[in-house]
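The values are calculated or read from the model by the stated rules, or taken from the named source; none is laboratory data. All values reported here derive from a predicted model rather than from experimental measurement. Glycine gets a Cβ as well: all are built from the backbone with ideal geometry, and neighbour counts include every protein chain shown. Areas reflect the complete protein model, heavy atoms only, side chains present, ligands, DNA and RNA absent. Shrake-Rupley method; radii C 1.70, N 1.55, O 1.52, S 1.80 Å.
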Amino acid sequence: MKETTVGLNTETKNTAPLLVETVIKGIQERKGSNITVVDLKGIDGAVADYFVICQGNSPTQVEAIAESVGDAAREQLDEKPIKAIGLGNNQWVAIDYVDVMVHIFLPETREYYDLENLWEDAKLTEIPDLD
């Protein structure tokens with residue numbers, strides 16, 4: 001008899017690192033900057049395995065980055081977010097892919113919330129900006 005696992009999103013867990021890479025490419029396509037990957041695996045109370053945090057210089061760019069991330073995830077991995085909030089306001093857009101949370105900020109909003117430092121035990125990886 002074939003064993004099945006119900007409710008354990010194992011597919012997403014296996015593809016989370018690939019989704020992170022795809023999200024980064026989507027951000028870079030719209031010239032998002034200051035990309036930081038926060039590795040939250042193994043940290044008690046973490047809401048995801050990874051945060052990918054970046055910024056755009058205007059509300060229009062924040063929206064364009066969010067659209068690019070969504071398009072890249074859907075086209076390359078057939079991944080769709082369970083929720084996206086902040087669209088329309090475009091000062092902080094959060095896109096929830098369960099194990100990967102994408103945060104796209106305006107610079108001043110990013111500085112105010114300082115998500116990178118909320119999880120002091122997490123491993124941070126800075127992704128260099130493209131020229």
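So what's the angle, to the nearest 10 degrees on a 0 to 90 scale, between helix 59-77 and the longest Cα principal axis of the chain? Taking the Cα atoms of the chain, the angle to 59-77 is about 30 degrees. When nucleic acids and ligands are ignored and a 1.4 Å probe is applied, residue 92 ends up with an accessible area of around 80 Å². Take the Cβ atoms of residue 60 and residue 114, set R0 to 35 Å, and the FRET efficiency comes out at 0.90. Restricting the GluC sites (Glu not before Pro) of segment 34-131 to loop positions (DSSP other than H, G, I, E, B) with no more than 11 neighbouring Cβ atoms within 10 Å leaves 120. Residue separation of residue 96 and residue 25 scaled by 0.36 nm, minus their Cα-Cα distance, works out to 23.9 nm of gained length. Taking label points 7 Å from Cα along the Cα-to-Cβ direction, residue 44 and residue 76 give a separation of 3.6 nm. Taking other residues whose beta carbon is less than 12 angstrom from the beta carbon of residue 26, and scoring Lys, Arg as +1 and Asp, Glu as -1, yields -2. Among 124, 130, 77, the order of accessible area from largest down is 130, 124, 77, computed with a 1.4 Å probe on protein heavy atoms.
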